[in-house]
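S.K.: Below you'll find the structure I mean.
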Amino acid sequence: MKWGLGGFAGLLLVTGCVGDSSPPQYSLVGGEKGVFSSRNAGSPISPDRIKGLDENQLAALLGTGALDRKDDPARALRYQSDACVLFVYLYRKGGTAWQAEFADAYDLHLRPLPVDQCAGSVAAQKKRVA
């Protein structure tokens, strides 16, 4: 079956009209601010306190990450609380130990949050592997 330009435009018009008008559930970009709401928020932890920590110090502060991805010389640890997701990025220079460089935080709909609020919540609810 051949679709001419008119047929393709008509298909786009029809498919563009189908769908619900509810807001998107996830925001991967767009600048919308996240909403922080935690049952156990803990005390905020400054990103400056996280920067420079090694993996053992991070585990003592934040517990065990839910995800640990290594792409040498970079590494990403993901932590989660009831209110947010925290990503801590570590790097290793010249074969030395992993060291935290920076962190990002998002609410559960992937909208950006202040790192200090999320880190406090993660630390207050930290998980450890037995």
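S.K.: Add +1 for every Lys or Arg and -1 for every Asp or Glu among the other residues with Cβ under 15 Å from the Cβ of residue 34, and state the total.
M.R.: Local net charge: -3.
S.K.: Cα to Cα, under 17 Å, and not fewer than 8 places away if on the same chain: which aspartates and glutamates meet these conditions relative to residue 33?
M.R.: Cross-link targets: 104, 107, 116.
S.K.: In whole Hz, what ³J(HN,Hα) sequence does region 61-71 give by Karplus (6.51, -1.76, 1.60; θ = phi - 60°), x for Gly and Pro?
M.R.: After applying 6.51 cos²θ - 1.76 cosθ + 1.60, I find 7, 10, x, 8, x, 7, 9, 9, 10, 10, 10 Hz.
S.K.: For a quick check of your reading of the filter: which trypsin sites (Lys or Arg not before Pro) in region 37-130 sit in a DSSP loop and have no more than 12 other Cβ atoms within 10 Å?
M.R.: In loop regions of region 37-130 (DSSP not H, G, I, E or B), the sparsely surrounded trypsin sites (Lys or Arg not before Pro) are 39, 93, 128.
S.K.: Using a cut-off of 12 Å between beta-carbons, work out the net charge of the residues near residue 68 (Lys and Arg +1, Asp and Glu -1, residue 68 not included).
M.R.: Taking every other residue near residue 68 into account, the sum is +2.
Each reported figure results from applying straightforward, stated rules to the coordinates on display, with no laboratory input. Here the structure is a predicted model, which means the values were calculated and not measured. Cβ coordinates were reconstructed from backbone atoms using ideal geometry, including for glycine residues, and neighbour counts include every protein chain displayed.
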